[in-house]
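Step one of this worksheet: look at the structure below.
The values are calculated or read from the model by the stated rules, or taken from the named source; none is laboratory data. Bear in mind the structure is a predicted one, so any value in this text is a computation, not a measurement. Neighbour counts run over all protein chains shown; Cβ positions are idealised from the backbone, glycine included. Each accessible area value is taken on the protein alone, full model and side chains, heavy atoms only, with ligands, DNA and RNA left out. Shrake-Rupley method; radii C 1.70, N 1.55, O 1.52, S 1.80 Å.
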Amino acid sequence: MSATRAPGAREPAAPAAALAELLAALPFACAAYARDSGRLIAANAAFEAEFGQLEGHRQRERLLEALHGCGANVETGGEVRAPHNGRWYALYWRDAGQAAGVGALLLTAVDISERIEILDSHKSRQDKLLFTSRLMSVGEMAATLAHELNQPLAAIVNYLNGSLRLVQQSGGPAQVERALLAARTQAEHASAVIARVREFVRAREPRRDAQQLAQIADTVLELLRLEAERQQLRIEVDLGPSLPAAYADRVMVEQVLLNLVKNAIEAMREVPADRRALRIEARVNLDGEIELRVLDRGKGLSPAESEQLFSPFFTTKTDGLGIGLAICRSIIEYHEGRLFFEPREGGGSVFGFTLPPAEGRT
Ligand SMILES: Nc1ncnc2c1ncn2[C@@H]1O[C@H](COP(=O)(O)OP(=O)(O)O)[C@@H](O)[C@H]1O
Ligand SMILES: [Mg+2]
């Protein structure tokens, strides 16, 4: 550093230059704007590269206008999608005091496009799972309806045939014969519709092969991570070091685990944060089945509630559908396993299921 420079010779340019130097050292796009005039005082290369193309970026007002329309809060910043390059930025506006020689506001823009993309893809994946669950409940309902309606429809057709024969043999009124024929046509049509529904439900054959529960748990926890964070929930996973693979349809078992963990999280909404702990554990049980258990510290269930637990449409939630556990049970039973509930020692619930091991079946 030269000691001979005349004191004050670089004023007032020196602070702005120092600020520019400082901005150049920062790893994000940064720019300083004069508080009064709103004009750009200094910007680093990252800022020029990312916002140089944005028309009006040299004037704070115009920059805000361009970004504000995309949801940025003028005062403090926010997450915006920049219109000129389509990327997502977290914007932070901070008071830089007199660092630039004049009152200045400092803008930092962090590119968060990747994070947003990951969140989006999770969301669509979660939507897909929820869709599968809805599809399966619709499928179940359709299968039940088809089964329930098939018998009476067949009986109706038989009765109509019988009546037709009687009317024809006895030379009964032609209107009655016509009415009976029309009724039979309608009943046959209904049977055909139902046959198609059964065909559709059957066509969704699940695919079973060797599945690691650890992978299934990973997928599910990844989907619920945001929700768990929001609730400040601790999640402990202990699947043992050498759990054998299960013979299962991956998507279906993901669905079951998702339902159970969601229920567990929902059950702990009201309990104090320090008691909110969720545990997932697995082992090979005495029957040689793979057994997974989800343990929560929620309010648990009364004996009366636990009796109805798995029946469709049983819910104690104002926003509940009550089909989650019913679907879980039919999925697990399809896998020749068992879905069970037991009270947890020290408070809360344990929901678990068993699956057959893959060994010898694939
Ligand atoms: N972990 C749990 N702790 C306490 N109660 C539970 C738990 N899981 C399920 N339940 C009870 O079982 C009911 C049915 O669950 P579910 O079939 O998933 O439907 P929904 O979640 O839509 O109510 C819930 O409303 C709740 O009363
Ligand atoms: Mg549920």
| Is the range 233-253 home to any residue that is in contact (Cβ under 8 Å) with a residue 60 or more places away in the chain, part of a strand (DSSP E or B) and farther than 28 Å from LEU321 by Cβ? | yes
| message | Suppose we filter LEU295, LEU325 for residues that are near ligand 1 (Cβ under 6 Å from one of its atoms) and of a type outside the set (Gly, Ala, Ser); which single one remains? | response | LEU325
| said: Looking at the range 258-276, can you tell me whether even one residue there is open to solvent by less than 50 Å² (accessible area, probe 1.4 Å), in contact (Cβ under 8 Å) with a residue 24 or more places away in the chain, among the acidic types (Asp, Glu) and more than 15 Å from ligand 2 (Cβ to nearest atom)? | reply: no
| said: Of everything in the range 313-347, what is buried (at least 18 other Cβ atoms within 10 Å of the Cβ), within 16 Å of ligand 2 (Cβ to nearest atom) and in a loop (DSSP other than H, G, I, E, B)? Give them in sequence order. | reply: ILE323
| query | Taking ALA267, is it near ligand 1 (Cβ under 9 Å from one of its atoms), assigned by TED's automatic domain parsing to the domain that holds GLU229 and not acidic (Asp, Glu)? | reply | yes
| message | Given the condition within 16 Å of ligand 1 (Cβ to nearest atom), on the phi < 0 side of the Ramachandran plot and open to solvent by 30 Å² or more (accessible area, probe 1.4 Å), answer yes or no: does some residue in the range 236-256 qualify? | response | yes
| For the range 280-308, which residues satisfy the criterion of being open to solvent by less than 50 Å² (accessible area, probe 1.4 Å) and basic (Lys, Arg)? | ARG293
| Looking at the range 348-362, which of the residues that are outside any loop (DSSP other than H, G, I, E, B) and under 28 Å from the mean Cα position of the chain (by Cα) is surrounded by the fewest Cβ atoms within 10 Å (Cβ to Cβ)? | VAL350
